[in-house]
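Please read the structure below before turning to the comments.
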Amino acid sequence: MARHLITSAIPYINGIKHLGNLVGSQLPADLFARYCRARGHEVLFLCATDEHGTPAELAAAKAGQPVADYCAEMHAVQAEIARGFRLSFDHFGRSSSSQNRRLTQNFAKRLHDQGLIREVSETQMYSPTDGRYLPDRYIEGTCPNCGYESARGDQCDNCTKQLDPVDLINPRSAVSGATDLEMRETKHLYLRQSQMKDELEAWIDSKTDWPILTTSIAKKWLNDGDGLQDRGITRDLDWGIPVQFDDAPWQGMDGKVFYVWFDAPIEYIACGAEWAEAHGLEASAWERWWRTDKGADDVRYTQFMGKDNVPFHTLSFPATILGSAEPWKLVDYIKSFNYLNYDGGQFSTSRGRGVFMDQALEILPADYWRWWLLSHAPESSDSEFTWENFQASVNKDLADVLGNFVSRVTKFCRSKFGEVVPTGGAYGAQETALIERLTTRIREYEAHMQAMEVRKSASALRAIWVEGNEYLQEAAPWSTFKADPERAAMQTRLALNLIRLYAVLSAPFIPDAAAAMLTAMQTDDDNWPVDVPAALEMLGPNHAFTTPDVLFSKITDEAREDWQTRFSGIRT
């Protein structure tokens, strides 16, 4: 049994996330967590809401709420939607927690003690109209790198280049639209990342198994242009973790908070502390996952994220951990994803484009979305959601292949043998060959899942479903029954056991359908099929079952056309 620490990139608090956010981090992380648990491993799967920074303040202002109230409300909303998609977090925390405040301030102090924090007096954009400085997303303008006209003050959504507000061309206030901006002097703390370039590069070079997408982005940030730069870790904002605190090794930082991209990754650790407290556990319960001096040496830590988050997780957060000189657990593997686009354009939370998670659950159960998103995960390149492809995939894979198999087998057995596993008959060459093929395919499926190859895993699982259908067609127990009832009984018994097998194998992808299959087979035995022949004899003769309702309803052309019109790309 191995120990797997799994974190998904924590979503911003500012509104409900879209399907692109879901498939870029949380959903594949859940797939892997469910698989690891199914294989008997110890898993701690953590996620949280990212509640600080300008997105939270701007969204709260737009909603007309105090920012703390807005964040508490939206955390509850996002947690409920996560449950709706069956995301199996061990804890869904909040970056505004007291645990994250303590840890963030501790990291900053440790970095200062190691000579990796410097104070900088600099000029920043100030809006007389708004009466405030305009850090990060409080300012918009044209990206100097790609010319995108709606770049943010911290990053361009188009080319993903990290920016400072002063870099923008034709800057304007995101609050009021004011352009009469001026430069004023302010003091901030900077993390001296440049001092750690060699150490970070050596660490990244040691990760020879990382996806090319992950390492190429990290290398680009390390070496392009002037190379890795020091980064400001404080902001002139009201909402966030205070920079000035008891025992802080600096003065004059009142009214400032830590930059959201400094405290947000630290929330991964803090979330573990929140999990322990929520379950009434001692500090040692989370420290054994996060501190190498407290037992985390044998932990395998995997992060899941979209490609826009890679620089912060390969450079800034590791710089924080390594620079602290404390024995914190570093990530072992970063699984990064490209973008999922929507019907010829981009998903965008801030601009309300695409299908959002709450809307998706309003029209179809979670398994429909989970299957399509995971089987089309944007791993090697960007992928695109279209309603036609979604309809075709659901109807063919879920309804025709898996759902139809379950329906045909259970209804046939009920009509000829009753709702019990039939007795009699022995395997022949057909069955032996099927079991051999299934064993090979299941081992392939396991290898893809272990390697976190999401699309290949989905393809391998579908191939396992297809094996059952092809066997059913060849064996044709409805024909066999006329001449050899005992042989038909054996064929049907094997097919019923395939339903239980499919439930176990499919649970990481489609947990609700898997649970429905187990319930129909009246078993709670969800042991992984290490021994495939034995697994196909788990439901013995005379074991009772029920004929389930339709597992997956087909998507009609009328429904698809209605959704295409309803979700035309702009969320009102």
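The values are calculated or read from the model by the stated rules, or taken from the named source; none is laboratory data. This structure is a prediction, so every number in the text was calculated from the model and none was measured. No Cβ is skipped: glycine too gets one built from the backbone with ideal geometry, and neighbour counts run over all protein chains shown. The protein model used for the area step is the full one, side chains on, heavy atoms only, and it has no ligands, DNA or RNA in it. Shrake-Rupley method; radii C 1.70, N 1.55, O 1.52, S 1.80 Å.
Tally time: how many residues in segment 228-282 are charged (D, E, K, R) and either touching a strand residue (DSSP E or B) at 6+ places or on another chain (Cβ under 7 Å) or outside any loop (DSSP other than H, G, I, E, B) (or both)?
9
The rows are residues; the columns are (1) among the basic types (Lys, Arg); (2) within 23 Å of ARG291 (Cβ to Cβ).
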{"residue": "VAL77", "(1), (2)": "no, no"}
{"residue": "SER97", "(1), (2)": "no, yes"}
{"residue": "ARG101", "(1), (2)": "yes, yes"}
{"residue": "THR104", "(1), (2)": "no, yes"}
{"residue": "ARG110", "(1), (2)": "yes, yes"}
{"residue": "ASP113", "(1), (2)": "no, yes"}
{"residue": "ARG118", "(1), (2)": "yes, no"}
{"residue": "SER121", "(1), (2)": "no, no"}
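For segment 509-526, how many residues meet the condition of being open to solvent by less than 50 Å² (accessible area, probe 1.4 Å) and of a type outside the set (Gly, Ala, Ser)?
Within segment 509-526, residues that are open to solvent by less than 50 Å² (accessible area, probe 1.4 Å) and of a type outside the set (Gly, Ala, Ser) number 8.
In segment 35-85, what count of residues is obtained for those that are at positive phi and either open to solvent by 10 Å² or more (accessible area, probe 1.4 Å) or without any contact (Cβ under 8 Å) to a residue 60 or more places away in the chain (or both)?
2
Does SER88 satisfy the condition of being surrounded by fewer than 22 Cβ atoms within 10 Å (Cβ to Cβ), at pLDDT 95 or above and not in a helix (DSSP H, G or I)?
Here the answer is yes, as SER88 does meet what is asked.
If I ask for residues that are of a type outside the set (S, T, N, Q) and open to solvent by 10 Å² or more (accessible area, probe 1.4 Å), which ones from segment 450-466 would you list?
ALA451, MET452, GLU453, ARG455, LYS456, ALA460, ARG462, ALA463, VAL466, listed by residue number.
Which one of the conditions (1) surrounded by fewer than 19 Cβ atoms within 10 Å (Cβ to Cβ); (2) touching a residue at least 40 places away in the same chain (Cβ under 8 Å); (3) within 30 Å of LEU5 (Cβ to Cβ) does SER176 fail to meet, given that it meets all the rest?
(3)
If we keep just the residues of segment 277-301 that are without any contact (Cβ under 8 Å) to a residue 60 or more places away in the chain and in contact with a His (Cβ under 9 Å, 6 or more places away or on another chain), which is least open to solvent (accessible area, probe 1.4 Å)?
By that ranking, first place goes to ALA285.
Among residues belonging to segment 536-549 that are open to solvent by 20 Å² or more (accessible area, probe 1.4 Å) and under 17 Å from PHE412 (Cβ atoms), point out the one that is modelled with the lowest pLDDT.
Our first condition is that a residue be open to solvent by 20 Å² or more (accessible area, probe 1.4 Å); within segment 536-549, this holds for 537-538, 540-544, 546-549.
Restricting the remaining residues to those that are under 17 Å from PHE412 (Cβ atoms) gives 541, 543-544, 546-549.
Working: PRO541: 97, HIS543: 98, ALA544: 98, THR546: 97, THR547: 96, PRO548: 93, ASP549: 90.
Selected residue: ASP549.
For segment 302-342: of the residues being of a type in the set (Phe, Trp, Tyr) and touching a Ser or Thr at 6+ places or on another chain (Cβ under 9 Å), which is farthest from LEU373 (Cα to Cα)?
That would be TRP328.
Looking only at segment 480-525, which residues are hydroxyl-bearing (Ser, Thr, Tyr), free of Cβ contacts under 8 Å to residues at least 24 places away in the same chain and part of a helix (DSSP H, G or I)? Break it down stepwise before answering.
First, the residues of segment 480-525 that are hydroxyl-bearing (Ser, Thr, Tyr): 480, 492, 502, 506, 519, 523.
If we keep only those that are free of Cβ contacts under 8 Å to residues at least 24 places away in the same chain too, we end up with 480, 523.
If the condition is that a residue be hydroxyl-bearing (Ser, Thr, Tyr), free of Cβ contacts under 8 Å to residues at least 24 places away in the same chain and part of a helix (DSSP H, G or I), then THR480 is the only one that fits.
Of PRO529, PRO533, which residue is farther than 23 Å from LYS411 by Cα, within 29 Å of the chain's Cα centre (by Cα) and surrounded by 13 or more Cβ atoms within 10 Å (Cβ to Cβ)?
PRO529 is the lone residue from the list that is farther than 23 Å from LYS411 by Cα, within 29 Å of the chain's Cα centre (by Cα) and surrounded by 13 or more Cβ atoms within 10 Å (Cβ to Cβ).
For segment 352-423, give me every one of the helices (runs of 4 or more DSSP H) that falls completely inside it and has 2 or more residues that are among the hydroxyl-bearing types (Ser, Thr, Tyr) and in contact with a helix residue (DSSP H, G or I) (Cβ under 7 Å, 6 or more places away or on another chain).
366-375
Looking only at segment 8-42, which residues are hydroxyl-bearing (Ser, Thr, Tyr), modelled with pLDDT of 95 or more and over 8 Å from the mean Cα position of the chain (by Cα)?
TYR35, the sole residue that qualifies.
Taking the stated definitions as given, is PHE32 in contact (Cβ under 8 Å) with a residue 24 or more places away in the chain, part of a helix (DSSP H, G or I) and open to solvent by less than 20 Å² (accessible area, probe 1.4 Å)?
yes
For residues that are of a type in the set (Val, Ile, Thr) and open to solvent by less than 10 Å² (accessible area, probe 1.4 Å), tally how many sit in segment 350-393.
1
Any residue at all in segment 310-326 that's β-branched (Val, Ile, Thr) and touching a Gly at 6+ places or on another chain (Cβ under 7 Å)?
Going residue by residue through segment 310-326, those that are β-branched (Val, Ile, Thr) are 310, 314, 320-321.
Filter once more, so that each one left must be touching a Gly at 6+ places or on another chain (Cβ under 7 Å): none.
No, that holds for no residue.
I'd like to verify a number: residues in segment 38-55 that are in contact with an Asp or Glu (Cβ under 8 Å, 6 or more places away or on another chain) and either within 21 Å of HIS279 (Cα to Cα) or of a type in the set (A, V, I, L, M, F, W, C) (or both), how many?
The number of residues fulfilling the criteria is 6.
Looking at (1) open to solvent by 40 Å² or more (accessible area, probe 1.4 Å); (2) at pLDDT below 95; (3) not aliphatic (A, V, I, L, M), which one does ASN106 not meet, given that it meets all the others?
Evaluating ASN106 over (1) open to solvent by 40 Å² or more (accessible area, probe 1.4 Å); (2) at pLDDT below 95; (3) not aliphatic (A, V, I, L, M) leaves (2) as the failure.
Do the conditions hold for THR314, that is, is it of a type in the set (S, T, N, Q) and in contact with a helix residue (DSSP H, G or I) (Cβ under 7 Å, 6 or more places away or on another chain)?
yes
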